[in-house]
1. Using beta carbons and a limit of 7 Å, which pairs, at least six apart or on different chains, have the first residue in region 100-116 and over 19 Å from ASP13 (Cα atoms) and the second one of a type in the set (Ser, Thr, Tyr) and crowded, with 16+ Cβ neighbours inside 10 Å?
2. Which of the residues spanning region 117-126 are exposed (fewer than 11 other Cβ atoms within 10 Å of the Cβ) and under 13 Å from GLY14 (Cβ atoms)?
3. Is at least one residue of region 29-42 surrounded by fewer than 17 Cβ atoms within 10 Å (Cβ to Cβ), under 26 Å from THR122 (Cβ atoms) and among the aromatic types (Phe, Trp, Tyr)?
4. Return only the number of the condition from (1) out of contact with any Asp or Glu (no Cβ under 9 Å at 6 or more places or on another chain); (2) within 23 Å of ILE123 (Cβ to Cβ); (3) at pLDDT 95 or above that SER76 does not satisfy.
5. For residues that are farther than 13 Å from VAL37 by Cβ and of a type in the set (A, V, I, L, M, F, W, C), scanning just region 63-105, find the one that is surrounded by the fewest Cβ atoms within 10 Å (Cβ to Cβ).
6. Consider VAL19 carefully, then state whether it is hydrophobic (A, V, I, L, M, F, W, C), buried (at least 18 other Cβ atoms within 10 Å of the Cβ) and either in contact with a Phe, Trp or Tyr (Cβ under 6 Å, 6 or more places away or on another chain) or under 11 Å from VAL73 (Cβ atoms) (or both).
Amino acid sequence: MAKTKKPTSLYVDGFVLPVPKKNLAAYKRISTKAGKVWMELGALEYRESVGDDLKGFAFPFAKTVNAKPNETVVFSWITYKSKAHRDAVNKKVMADPRIASMMDPKDMPFDDKRMAYGGFKTIVNL
């Protein structure tokens, strides 16, 4: 059976952030709402993952975001067709009133100043 060729031109926005364990349920509620908006407006994939095995052999994610003992780490990514597609989707998302209503810094269930973020070109897609 022949495999379907997957595109290697995908673009991924990645995030790593510390979330106080007591705020994890609130973070999940907000990210679920946000993810639905991203998907509705064109993202191909929206993932939020909570730390489970954070004692890495190299430089652990927890150190990357200076996570405190009462915090866990969330690793997230959103996938797009291309960087241009990402830019178009994010423009729509940032203009969406549902997202605007969640962007008040004093209501964030995490410290956004310690969030790591980057946009990535896909080079291998198996």
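The values are calculated or read from the model by the stated rules, or taken from the named source; none is laboratory data. What you are looking at is a predicted structure, and each value in this text was computed from that prediction instead of being measured. No Cβ is skipped: glycine too gets one built from the backbone with ideal geometry, and neighbour counts run over all protein chains shown.
1. Note: pairs meeting the criteria are PRO109/TYR27.
2. GLY118
3. No, because not a single residue in region 29-42 is surrounded by fewer than 17 Cβ atoms within 10 Å (Cβ to Cβ), under 26 Å from THR122 (Cβ atoms) and among the aromatic types (Phe, Trp, Tyr).
4. Exception for SER76: condition (1).
5. Ranking the candidates gives ALA84 first.
6. On the way: hydrophobic (A, V, I, L, M, F, W, C): yes; buried (at least 18 other Cβ atoms within 10 Å of the Cβ): yes; either in contact with a Phe, Trp or Tyr (Cβ under 6 Å, 6 or more places away or on another chain) or under 11 Å from VAL73 (Cβ atoms) (or both): yes.
In short, yes.
Table: residues versus (1) within 14 Å of the chain's Cα centre (by Cα); (2) at pLDDT below 90; (3) aromatic (Phe, Trp, Tyr).
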| site | (1), (2), (3) |
| --- | --- |
| LYS36 | yes, no, no |
| GLY51 | yes, no, no |
| GLY56 | no, yes, no |
| HIS85 | no, no, no |
| LYS92 | no, no, no |
| ILE99 | no, no, no |
| LEU126 | no, yes, no |
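Results for (1) aliphatic (A, V, I, L, M); (2) out of contact with any helix residue (DSSP H, G or I) (no Cβ under 6 Å at 6 or more places or on another chain), shown as yes or no for each residue.
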{"site": "LEU24", "(1), (2)": "yes, yes"}
{"site": "ARG29", "(1), (2)": "no, yes"}
{"site": "GLY42", "(1), (2)": "no, no"}
{"site": "ASP53", "(1), (2)": "no, yes"}
{"site": "ASN66", "(1), (2)": "no, no"}
{"site": "LYS81", "(1), (2)": "no, yes"}
{"site": "LYS106", "(1), (2)": "no, yes"}
